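Worksheet for the structure shown next.
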Amino acid sequence: MTAPSAAGRRRGDAAPLGNTTPYASAAGQDRFPDWEATAADGRSAARRGLATFTTRRRQAQCFDGLTTHGETRAGDGSWARLRFAVPDGCQAGSLGIEGVWRCGYWATCPECSAKIAAERAAELRDAIDVQLRHGDSVALLTLTSRHHSGMTLVDQVKAQRAAWRAIWKGRAGQDLRDEIEGYCRVWEATHGENGWHPHWHVLLFLPGAWTPEQTRALGEDIWQRYDAGLRAEGFHSLRDHGGLDIRLAGWEEIDPTALGGYLAKGVYADAPDVVDLVNNADRLALEAVAGAFKQARQNRMTGGRGRTPFVILEHLLTARMLGLDDTREATRDAALWREWERTHADMTIRQWTWSRARASRGQPSLRELVRTKAAAIGHATVVTEVERTEDEIVTDDAGSEPLMEVPEVEFHRVIKWEIEAMRHVSRDAGPLVVFAWLRQRGVAVRWCDDPSARRWAAAWDCWQHLRGSALFGT
Ligand SMILES: [Zn+2]
């Protein structure tokens, strides 16, 4: 038996591309949790799937092109920049595309909604924290209405809006409002056996220390005026069957720090147990065909209160993937999703509403209130003075820097189709391997002309030099 040549052995010993770089991150260090990365993939795949049948044009165009200052690029031969967020002391991190076109739809986009909800929830979590640390109180009030499967979503939303206005109408309404420092109202809708179930979760910011009894009395007053408003519209609410639900943070099994996240739960592929299912094709198939399993799944995800629209979308996409889209369930889900899209196309529904200033009563806006209290207790709050728009949130590049660029045409040829794989490469192995990965696909990638990009370019040159040296046997 002949020994392999030295050169051959060295070639044989050489590890795959990803492992030859001296810059790869240490295993498991500063990596994204696996489920979070998989959830991001799930959202990306759902956005892609939805684009094939959505009735909203803007939704279909999400992540489909590049913009410069909001103007769609006309294929003018410009370059698309790849931005990376690599934590200090790490060689790998997350990847984004600068100026990529985003729909910014909180209600229908699996990707945009997650980014929006993350920021809004972080702000709300901080506002609650500030209020409690300042020695004041927060109560969570949920306002619903009685519904059945024949009711459209639009009609219910209209009635609930009128009822909300009725709460604060007139002298008595204003007096009631005076008891509250401010509120953040979050709109949510689920769908279950009794049809659409739109409802509001209202965080009430209350001055000083409140007891559960006082809070309950306030809730009664609000609920009675709300119910009267609903009845004027031909609807009503059931007081002891979910109609009146008010709980005081810190007293009644409410974890104040979890509240923000709880209110942002209507996000596509948000929790680890969802991801387990996304990963498991057998269970996915089961879910699409077995009603009982589906029911159990729904209950676990929504506390038995029906499916969120993104769960409906997930079921619909699964059925389409398995070629089961002409089943009764899938046909029904498709109709529900269309109604959901149509409702948002026809009427502007705000998901999060922070109370505004009441000049006549000398009351600041909730944002102002929180910022003033935060300053008083020396807390650096994340609550911004002016609420950022959804478009601002989804196009925000802060925290990342441009490292490399490719001709715009490559965005359309390679990047938009392979973004999930590129994100994985970036997270696991970093910008150098993303650069190598693009070159392997024949993409004319080049390093940006920025100081930090130049450091990566130097590292790349060094790596190329090593690969070409005797050390690697070539
Ligand atoms: Zn979008």
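Among (1) surrounded by fewer than 18 Cβ atoms within 10 Å (Cβ to Cβ); (2) more than 16 Å from the ligand (Cβ to nearest atom); (3) at negative phi, which single condition is A118 missing?
The one condition A118 does not meet is (2).
Per-residue answers, yes or no, for (1) basic (K, R); (2) within 28 Å of E123 (Cβ to Cβ):
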| position | (1), (2) |
| --- | --- |
| V157 | no, yes |
| A166 | no, no |
| G182 | no, yes |
| R185 | yes, yes |
| G192 | no, no |
| W196 | no, yes |
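When the stretch 129-139 is examined, which residues are found to be touching a Leu at 6+ places or on another chain (Cβ under 7 Å) and buried (at least 23 other Cβ atoms within 10 Å of the Cβ)?
Residues satisfying the conditions are V138, A139.
Where residues in the stretch 357-403 are more than 16 Å from the ligand (Cβ to nearest atom), among the β-branched types (V, I, T) and in contact with an Asp or Glu (Cβ under 7 Å, 6 or more places away or on another chain), which of them is nearest to S94 (Cα to Cα)?
The selected residue is V382.
Is it the case, given these coordinates, that A46 is in contact with a strand residue (DSSP E or B) (Cβ under 6 Å, 6 or more places away or on another chain) and either modelled with pLDDT of 60 or more or of a type outside the set (V, I, T) (or both)?
No: the conditions fail for A46.
Please find, among W456, W463, W417, the residue that is part of a helix (DSSP H, G or I) and touching a Ser or Thr at 6+ places or on another chain (Cβ under 8 Å).
Every option except W463 fails the conditions.
So G96 passes all but one of these: (1) surrounded by fewer than 21 Cβ atoms within 10 Å (Cβ to Cβ); (2) among the small types (G, A, S); (3) part of a loop (DSSP other than H, G, I, E, B). Which condition number does it fail?
Result: G96 fails condition (3) only.
For E329, only one of the following conditions fails: (1) within 20 Å of H199 (Cα to Cα); (2) modelled with pLDDT of 85 or more. What is its number?
Tallying (1) within 20 Å of H199 (Cα to Cα); (2) modelled with pLDDT of 85 or more, E329 fails exactly one: (1).
Filter the stretch 387-437 for residues that are β-branched (V, I, T), surrounded by 20 or more Cβ atoms within 10 Å (Cβ to Cβ) and more than 30 Å from R120 (Cβ to Cβ) and give the result.
Those that are β-branched (V, I, T), surrounded by 20 or more Cβ atoms within 10 Å (Cβ to Cβ) and more than 30 Å from R120 (Cβ to Cβ): V406, V425, V433, V434.
Quick one: count up the residues across the stretch 297-326 that are assigned to a helix (DSSP H, G or I), modelled with pLDDT under 85 and in contact with a helix residue (DSSP H, G or I) (Cβ under 8 Å, 6 or more places away or on another chain). Step through it out loud before you land on a result.
The initial filter retains those residues of the stretch 297-326 that are assigned to a helix (DSSP H, G or I), namely 297-302, 309-321.
From the residues that got through so far, the ones that are modelled with pLDDT under 85 too are 297-302.
Adding the requirement that they be in contact with a helix residue (DSSP H, G or I) (Cβ under 8 Å, 6 or more places away or on another chain) leaves 297-298, 300-302.
Residues flagged as assigned to a helix (DSSP H, G or I), modelled with pLDDT under 85 and in contact with a helix residue (DSSP H, G or I) (Cβ under 8 Å, 6 or more places away or on another chain) within the stretch 297-326 amount to 5.
Quick check on L82: is it touching a residue at least 40 places away in the same chain (Cβ under 8 Å), buried (at least 23 other Cβ atoms within 10 Å of the Cβ), within 12 Å of the ligand (Cβ to nearest atom) and not assigned by TED's automatic domain parsing to the domain that holds R216?
Considered against the rule, which asks whether it is touching a residue at least 40 places away in the same chain (Cβ under 8 Å), buried (at least 23 other Cβ atoms within 10 Å of the Cβ), within 12 Å of the ligand (Cβ to nearest atom) and not assigned by TED's automatic domain parsing to the domain that holds R216, L82 comes out as no.
Identify the residue in the stretch 84-135 that is of a type in the set (A, V, I, L, M) and in contact with a Cys (Cβ under 8 Å, 6 or more places away or on another chain) and, among all such residues, is nearest to T68 (Cα to Cα).
L124
State yes or no: is H199 part of a strand (DSSP E or B) and at pLDDT below 90?
yes
If I ask for residues that are away from the ligand (no atom under 16 Å from the Cβ) and either of a type in the set (A, V, I, L, M) or out of contact with any strand residue (DSSP E or B) (no Cβ under 8 Å at 6 or more places or on another chain) (or both), which ones from the stretch 85-112 would you list?
Hits for the stretch 85-112 are A85, V86, P87, D88, G89, C90, Q91, A92, L95.
Are any residues in the stretch 157-196 assigned to a loop (DSSP other than H, G, I, E, B) and under 23 Å from R367 (Cβ atoms), and if so, which ones?
W168, E179, I180, E181
Can you tell me how many residues in the stretch 118-162 are basic (K, R) and out of contact with any Ser or Thr (no Cβ under 9 Å at 6 or more places or on another chain)?
4
Scan the stretch 194-215 and tell me whether some residue there is under 27 Å from the mean Cα position of the chain (by Cα) and on the phi > 0 side of the Ramachandran plot.
Yes, there is a match, as at least one residue in the stretch 194-215 is under 27 Å from the mean Cα position of the chain (by Cα) and on the phi > 0 side of the Ramachandran plot.
Among all residue pairs at least 6 apart or on different chains, which show Cβ distances below 7 Å where the first residue, located in the stretch 36-61, is within 11 Å of the ligand (Cβ to nearest atom) and the second is of a type in the set (D, E)?
These pairs meet every condition: R43/E111; S44/E111; S44/E420; A46/E314; R47/E111; T54/E341; R56/E341.
Of the residues in the stretch 336-376, how many are crowded, with 20+ Cβ neighbours inside 10 Å and part of a loop (DSSP other than H, G, I, E, B)?
Summing the residues that are crowded, with 20+ Cβ neighbours inside 10 Å and part of a loop (DSSP other than H, G, I, E, B) in the stretch 336-376 gives 1.
Results for (1) more than 16 Å from the ligand (Cβ to nearest atom); (2) out of contact with any strand residue (DSSP E or B) (no Cβ under 7 Å at 6 or more places or on another chain); (3) modelled with pLDDT of 95 or more, shown as yes or no for each residue.
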residue	(1), (2), (3)
A114	no, yes, no
L132	yes, no, no
T144	yes, no, no
K169	yes, yes, yes
R177	yes, yes, yes
Y183	yes, no, yes
E188	yes, no, no
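Please find, among V154, V130, V138, the residue that is in a strand (DSSP E or B), over 30 Å from S44 (Cβ atoms) and touching a residue at least 40 places away in the same chain (Cβ under 8 Å). Let's see the steps before the verdict.
On the way: V154 fails: in a strand (DSSP E or B); V130 fails: in a strand (DSSP E or B).
After applying the criteria, what remains is V138.
The values are calculated or read from the model by the stated rules, or taken from the named source; none is laboratory data. Predicted model only: the values in this text are computed from it and were never measured. For neighbour counting, all protein chains shown are included, and Cβ atoms are generated from backbone atoms with ideal geometry for every residue, glycine included.
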